[in-house]
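The values are calculated or read from the model by the stated rules, or taken from the named source; none is laboratory data. From a predicted model like this one, the values you see are computed outputs, not experimental measurements. FYI the Cβ positions are ideal-geometry reconstructions off the backbone, even for glycines, and counts take in every protein chain you see.
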Amino acid sequence: MKLDLFDYKLSPELIAQQQVKPRDSSRLMILDRQKQTIEHKHFYDLPEYLTDNDVLVVNQTKVFPARLYGQKKTGGKVEVLLTENIEDDQWQAMIGGRNLNIDDIIYFDKKLEAQIIKNIDGKTKQIKFNKSGQKLNTIIDQIGHTPIPPYIKVGDNKQIKQDYQTIYAKERGSAAAPTAGLHFTEQTLKQLKEKGVKIFKVTLHVSLGTFAPVETEDITKHQIHHEWASIDEQTVVELNKIKKQGKNIIAVGTTSARTLEAFADKDGKLNSGSKWVDIYIYPSYKYRFVDELITNFHLPKSSLLFMVSALASRKFILKAYQKAIHLKYRFFSFGDAMFITKDRL
């Protein structure tokens, strides 16, 4: 399948630079993939569409300030973007700076240091800090910066730190936010629960591989990134029971969907545990556990656009994107939302 089939043109003015207030006042495009129909609502309308036959699965990962600024012994500036936790004192990181080699030391504030111990590929290296565990995390929280995507041009500040986090974030470890969850407010969650909608939590620590461009002309040749994910035993027992009852499993975001699909066996039964997942979902993939999806509008030619096109059809998704562009929906991380349903409209 050709990469160009997933391309579309987007004016930069439609790339959302900040979150709308309140969060649930963002727009919500509802797609019925069976009837091929579209409605235009707001996210606060979501409870009107759900019943006690629906279950939401959210990703409770928490974004941490993964971008660090340091310097070499010579005084040269170095930017470090932490992408993957290896051990209590070791991280895989993307490093920006000249003439950095194995054994070189990067110096940060708060007497934090990191030694380059391994080359992974290109600018990606494995580093070892002089602190570990909670002490290391505390310092990173003090000196680090929010790793907002490059298409968001506002600088890191207190407001961004708050906005680029779901209200139910709990498990620290993501270098990027599970952005579909950014639309939820306490009021929305309260209304959903009052309607009998059950909400379950899984964890997938989002890596920057989410934003990695697809560079293969044939999308089936793309090498997908891997991410750490987990689902506890009690959640698995409940979700398997609910799925067997025929209720709708709605993944909030592609990260929740990847987690559920990666932990589901070929018979559609969910398993518990923690592991690295590298599930690659594109058209022709048959979802095993997820029935419906709440998601944002994704970048052209991206693996996330492939993923939503596997749940609905590519042509229907791109038709919806063109309609969103015409109606000036807001795109990407701080943008509006889409609810891909089946037989609701």
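Please enumerate the residues belonging to segment 225-262 that are under 13 Å from Asp291 (Cα atoms) and either part of a loop (DSSP other than H, G, I, E, B) or not assigned by TED's automatic domain parsing to the domain that holds Asp336 (or both).
Once the filter is applied, which keeps residues that are under 13 Å from Asp291 (Cα atoms) and either part of a loop (DSSP other than H, G, I, E, B) or not assigned by TED's automatic domain parsing to the domain that holds Asp336 (or both), segment 225-262 yields Gly246, Lys247, Gly253.
Is it fair to say Tyr8 is in the same structural domain as Ser274 (by TED's automatic domain parsing), in a loop (DSSP other than H, G, I, E, B) and at negative phi?
In short, yes.
Looking only at segment 65-79, filter to residues that are in contact with a Leu (Cβ under 8 Å, 6 or more places away or on another chain) and part of a loop (DSSP other than H, G, I, E, B); which one of those is nearest to Lys111 (Cα to Cα)?
Lys72
Being crowded, with 18+ Cβ neighbours inside 10 Å and at pLDDT below 95 is the requirement here; does Ala176 meet it?
When the stated conditions are applied, Ala176 passes them.
Looking only at segment 159-172, which residues are in contact with a Ser or Thr (Cβ under 6 Å, 6 or more places away or on another chain) and surrounded by fewer than 20 Cβ atoms within 10 Å (Cβ to Cβ)?
Correct list: Ile160, Lys161, Glu171.
Among the residues of segment 164-184, are any more than 15 Å from Leu82 (Cβ to Cβ) and more than 20 Å from the chain's Cα centre (by Cα)?
Within segment 164-184, not a single residue is more than 15 Å from Leu82 (Cβ to Cβ) and more than 20 Å from the chain's Cα centre (by Cα).
Report yes if some residue within segment 2-21 is touching a His at 6+ places or on another chain (Cβ under 6 Å), modelled with pLDDT of 95 or more and surrounded by 15 or more Cβ atoms within 10 Å (Cβ to Cβ); otherwise report no.
Checked segment 2-21: no residue is touching a His at 6+ places or on another chain (Cβ under 6 Å), modelled with pLDDT of 95 or more and surrounded by 15 or more Cβ atoms within 10 Å (Cβ to Cβ).
Return yes when Val202 is in a loop (DSSP other than H, G, I, E, B) and out of contact with any His (no Cβ under 6 Å at 6 or more places or on another chain) and no when it is not. Spell out how you get there, then give the answer.
Values: in a loop (DSSP other than H, G, I, E, B): no; out of contact with any His (no Cβ under 6 Å at 6 or more places or on another chain): yes.
Criteria not met by Val202.
In segment 205-224, which residues are assigned to a loop (DSSP other than H, G, I, E, B) and either within 19 Å of Lys62 (Cβ to Cβ) or in the same structural domain as Leu82 (by TED's automatic domain parsing) (or both)?
His205, Val206, Ser207
For segment 14-55, which residues satisfy the criterion of being among the hydrophobic types (A, V, I, L, M, F, W, C) and under 13 Å from Thr341 (Cβ atoms)?
Narrowing segment 14-55 to residues among the hydrophobic types (A, V, I, L, M, F, W, C): 14-16, 20, 28-31, 38, 43, 46, 50, 55.
Passing the criteria: Leu28, Met29, Ile30, Leu31, Ile38, Leu46, Leu50.
So, in segment 59-72, of the ones that are of a type in the set (S, T, N, Q) and within 16 Å of the chain's Cα centre (by Cα), which residue ends up surrounded by the fewest Cβ atoms within 10 Å (Cβ to Cβ)?
Ranking the qualifying residues of segment 59-72, first place goes to Gln60.
Counting only residues that are buried (at least 17 other Cβ atoms within 10 Å of the Cβ) and among the β-branched types (Val, Ile, Thr), which one in segment 141-158 is modelled with the lowest pLDDT? Show your work before the answer.
Residues of segment 141-158 that are buried (at least 17 other Cβ atoms within 10 Å of the Cβ), as a first pass: 144-149, 152.
Then drop every residue that is not among the β-branched types (Val, Ile, Thr), which leaves 146, 148, 152.
Values: Thr146: 92, Ile148: 89, Ile152: 92.
For segment 141-158, the residue satisfying everything is Ile148.
Out of Leu82, Leu56, Leu46, report the one residue that is assigned to a helix (DSSP H, G or I) and buried (at least 20 other Cβ atoms within 10 Å of the Cβ).
Just one listed residue meets the conditions, Leu46.
Being surrounded by fewer than 23 Cβ atoms within 10 Å (Cβ to Cβ), assigned to a helix (DSSP H, G or I) and touching a residue at least 12 places away in the same chain (Cβ under 8 Å) is the filter here; which residues of segment 322-340 pass it?
Those that are surrounded by fewer than 23 Cβ atoms within 10 Å (Cβ to Cβ), assigned to a helix (DSSP H, G or I) and touching a residue at least 12 places away in the same chain (Cβ under 8 Å): Gln322, Lys323, Ile325.
Test of understanding: among Lys131, Lys135, which residue is without any contact (Cβ under 8 Å) to a residue 60 or more places away in the chain and surrounded by fewer than 17 Cβ atoms within 10 Å (Cβ to Cβ)? Working first, answer last.
Values: Lys131 fails: surrounded by fewer than 17 Cβ atoms within 10 Å (Cβ to Cβ).
The conditions single out Lys135.
May I ask you to list the residues in segment 73-130 that are under 28 Å from the mean Cα position of the chain (by Cα) and basic (Lys, Arg)?
Lys118, Lys123, Lys125, Lys128
Just to be sure before I move on: is Lys118 surrounded by fewer than 18 Cβ atoms within 10 Å (Cβ to Cβ), under 15 Å from Leu82 (Cα atoms) and not acidic (Asp, Glu) in the structure I sent?
Against the criterion (surrounded by fewer than 18 Cβ atoms within 10 Å (Cβ to Cβ), under 15 Å from Leu82 (Cα atoms) and not acidic (Asp, Glu)), Lys118 qualifies.
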